[in-house]
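Every read-out reported here was derived from the displayed coordinates using simple, explicitly stated rules and does not represent laboratory data. Quick caveat: nothing in here was measured; it's all calculated off a predicted structure. Positions of Cβ are backbone-derived with ideal geometry, glycine not excepted, and every protein chain shown enters the neighbour counts.
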Amino acid sequence: MSCQSHVYVVAGASRGIGLQFVTSLLARGEIVVAIARNPDKAEWLHKLAKDGKNDKKLFIVKGDVADAVSIEVAAKETAKRIPGGYVDVLINNAVYADSTTQGHTLISYPSTDLLISNFTQAFQTNVLGPIVTTNAFIPLLRKGSLKKVFTINSGLADVQLSLKGEIPTFTPYCVTKSALEMTNVKYADEGFTFLDIAPGVVHTSATNLSSPNEEEMSVIMKAAASFKKAYPDWNSLVVKL
Ligand SMILES: NC(=O)c1ccc[n+]([C@@H]2O[C@H](COP(=O)([O-])OP(=O)(O)OC[C@H]3O[C@@H](n4cnc5c(N)ncnc54)[C@H](OP(=O)(O)O)[C@@H]3O)[C@@H](O)[C@H]2O)c1
């Protein structure tokens, strides 16, 4: 096994699972480019950057996956900061999920305007985000040795889960995450690995400023009961970061 470190880009790295990827990869000795749309507010990333062990290992780069120009600038910035201008692995992690409307079905949305606004934002971040990020980083990934793109997807992309578990809610999230699966298929290309990963249920509140309120929590618990209905063997394990 080689001890050589690799260059990872994590898009959507300021908190939650993305931040945990950054932390774990650095602990393993990898080089990490952490993309955050508001680097000034990414306090946990700055804490990691202050750790002397991460000197020349962690690069915090500004980038908004919902803004193609911003991501192209982030790719250029990455090429400048990493000698050789290459990337081995891209992790598309950023997500848009509006917790205040996830309990609505397509029919029960309070207004068509809100439905369109939620879906537009979800599509922009959850589907176009990984596409524009992947496209911007492809030239750097071609220069790398691993040529891997991981997309953090969700069990809620599973059509059978929605049907068997009778889950008519989480609509913009489910629809866009399902589209994301097809996006990866469309990238199938020799020499590259595109992989969708569903992390299970991950408790991220340690690095998130707000936890779900009572109403949002009841929607989540209802969904968990539906998971069990669709897949009785699901062990409801919650990973805590
Ligand atoms: N947590 C779970 O149980 C769970 C389960 C299944 C799948 N997942 C998937 O795992 C991934 C991470 O989830 P999470 O729970 O860690 O989410 P989270 O805590 O809400 O964090 C989302 C991250 O994405 C960033 N982000 C959002 N929009 C962005 C944009 N336009 N440009 C750049 N960054 C953006 C956020 O940055 P800001 O700080 O700037 O908002 C934040 O760093 C998602 O793809 C999610 O669908 C999570």
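Data overview
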quantity: For the range 1-102, diffusion coefficient by Stokes-Einstein and Kirkwood Rh (Cα), 10 °C, 1.306 mPa s, µm²/s; calculated: 114 µm²/s
quantity: Two-site label geometry, K80 and K186: point separation in nm, points 7 Å out along Cα→Cβ; calculated: 3.1 nm
quantity: Convex hull volume of the range 7-240 per residue (C-alpha atoms, cubic angstrom); calculated: 132 Å³
quantity: Computed label-point distance, nm, for sites K56 and S218 using a 7 Å Cα→Cβ extension; calculated: 5.7 nm
quantity: Per residue convex hull volume, Cα atoms of the range 142-241, in Å³; calculated: 142 Å³
quantity: Between the range 1-54 and the range 80-130, the alpha-carbon center distance in angstrom; calculated: 21 Å
quantity: Extreme residue, positive dipole direction of the chain, given options Y86, L195, S117 (C-beta unit charges); calculated: Y86
quantity: Cα-centre dipole for the chain with unit charges at Cβ (Lys and Arg positive, Asp and Glu negative), debye to 20; calculated: 800 debye
quantity: Cα-projected label distance for S99 with N38, points at 7 Å along beta-carbon direction, nm; calculated: 1.5 nm
quantity: Per-residue HN-Hα couplings for the range 79-85 [Karplus 6.51, -1.76, 1.60; θ = phi - 60°; Hz; x = Gly/Pro]; calculated: 4, 6, 7, 9, x, x, x
quantity: Additional length obtainable on full extension of the chain from T207 to K143, 0.36 nm per residue less Cα span; calculated: 19.7 nm
quantity: Label zone at A198 (point 7 Å along Cα-to-Cβ), backbone N below 16 Å, the range 129-164; calculated: 151-164
quantity: Residue-wise HN-Hα coupling along the range 222-229, computed from phi with Karplus coefficients 6.51, -1.76, 1.60 (Hz; x: Gly, Pro); calculated: 5, 5, 4, 5, 5, 4, 5, 5
quantity: Residues D189, D67, D233, sorted so that the one with the fewest Cβ neighbours within 10 Å comes first; calculated: D233, D189, D67
